[in-house]
1. Considering only residues that are assigned to a strand (DSSP E or B) and among the hydrophobic types (A, V, I, L, M, F, W, C), look in region 107-132 and name the one that is most open to solvent (accessible area, probe 1.4 Å).
2. Could you list, in sequence order, the residues of region 7-65 that are within 20 Å of the chain's Cα centre (by Cα), farther than 19 Å from A124 by Cβ and not hydrophobic (A, V, I, L, M, F, W, C)?
3. Only one of (1) over 16 Å from I164 (Cα atoms); (2) open to solvent by less than 10 Å² (accessible area, probe 1.4 Å) fails for T69. Which number is that?
4. Residue by residue through region 84-105, note down the ones that are more than 26 Å from T45 (Cβ to Cβ) and either of a type outside the set (D, E, K, R) or crowded, with 22+ Cβ neighbours inside 10 Å (or both).
5. Restricting attention to region 143-150, does a residue exist that is outside any loop (DSSP other than H, G, I, E, B), at pLDDT 95 or above and farther than 30 Å from E107 by Cβ?
6. How about region 72-82: which of its residues are in a loop (DSSP other than H, G, I, E, B) and open to solvent by 20 Å² or more (accessible area, probe 1.4 Å)?
7. Quick check: is even one residue across region 13-23 open to solvent by 10 Å² or more (accessible area, probe 1.4 Å), at pLDDT below 90 and more than 19 Å from L99 (Cα to Cα)?
8. Go through (1) over 16 Å from G125 (Cα atoms); (2) part of a strand (DSSP E or B) and name the single condition S88 misses.
Amino acid sequence: DAAGYYNEVMGYLRSPNSAKNVLISGNEFKNPGRSFVCNDYQNCTFINNLIYKTSEDFGYGIELGSLATGAAINNTIYGYDTKAASDSSTSAAIYVHSLFSQGIASELTKEVTIKSNNLYGNQAGIWIGSDWYTLVGNVTIAATIEGNWIHNNICQNCDTEDVIAGIFAVDDGKSVGSSVDDFFANNILSDNPMYGYFIFTYGDGELHLAMNNETIAGNTQANIKVVNFGSNATSLYDVNITNSRIYNSAVNFNNS
C-alpha cells in the first residue's frame, strides 16, 4: 500500500465464464490484508467467520466485486480501520461493488445478502456500490442487508475530509446502466463517530434504497446523510425510510 498499490490478498476467487460456488464457514482469519476477493461470476458465501486486524493496515474483510454474487451471514469483522496510504480508499468490513464490469452492455443483476453480522471498529461497516463511472457497466447491485449490528466504527489515520460511517451506499454510472437497488431491514447502526448511513453519488448515479424497521442512533454528525457531489447532476435518489427509530442525531440532505 505505501509503495503505491495494495496486493495483500489472502484469497482471490474468480470464475470468468459461469457461476461457481464457494462456501467459507467457521474460520478465524487474523491480519489477512484484503482477506477474500471474489470477482467475475464467482458466487461466494461466508458464514460464521471471525475476520479481524490487530495492526493499522488497509483492507476489506469480505469483497464481492465485479459481477460476483454471494452472502455474508453471521460473521464478526473488526479492525479494518485504516484508509489506503496510496489513494485514500476507505477500508471496510464488507465491500460490495461492480467495478471492472464496463464490458457488460445487457442488463445484469448482481444479488447479494448481508445478514446478522457484527461489524465494529472499521472505517466502514458496509460499503455497497461503485464510485468510478469509467469502470462500471449495465449492472444493478440488488442487495438485502438485514439484522446487522454496525457500531463504534473508527479510523486511525483519517483526515477531516475523510468519512467514517456504518453503511456507505453509492453509485456513479447511471448513464451506462449502473444502479443500486437495496433493501435494508432490522439493522442497528449506532455510535459511529460521523454517520450511520452515508448515501451519495457524483452526479451520475441511481440509488433505490428502502429501509424498514431500522434503529439508527447516536451517530455523531448525522444518523443519515444524503449528498450529491458534482454540479451537473443527473442522479436519481429514491430513498424510503419506514417504521424506524432514528434518534440522538439528525437526518441531513445536502447538494454540494
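1. If we take residues in region 107-132 being assigned to a strand (DSSP E or B) and among the hydrophobic types (A, V, I, L, M, F, W, C), then L108 is most open to solvent (accessible area, probe 1.4 Å).
2. Of everything in region 7-65, those that are within 20 Å of the chain's Cα centre (by Cα), farther than 19 Å from A124 by Cβ and not hydrophobic (A, V, I, L, M, F, W, C) turn out to be N7, G11, Y12, R14, N39, D40, Y41, Q42, N43, T45, N48.
3. The single condition T69 does not satisfy is (2).
4. Once the filter is applied, which keeps residues that are more than 26 Å from T45 (Cβ to Cβ) and either of a type outside the set (D, E, K, R) or crowded, with 22+ Cβ neighbours inside 10 Å (or both), region 84-105 yields A84, A85, S86, S88, Q102, A105.
5. yes
6. N74, the sole residue that qualifies.
7. Checking region 13-23: at least one residue is open to solvent by 10 Å² or more (accessible area, probe 1.4 Å), at pLDDT below 90 and more than 19 Å from L99 (Cα to Cα).
8. Against the list (1) over 16 Å from G125 (Cα atoms); (2) part of a strand (DSSP E or B), S88 comes up short only on (2).
The values are calculated or read from the model by the stated rules, or taken from the named source; none is laboratory data. Everything numeric in this text was worked out from a predicted model, so none of it was measured. As a convention, Cβ positions derive from the backbone with ideal geometry for all residues, glycine included, and neighbour counts pool all protein chains shown. These area figures cover heavy atoms from the full protein model, side chains too; ligands, DNA and RNA do not enter into them. Shrake-Rupley method; radii C 1.70, N 1.55, O 1.52, S 1.80 Å.
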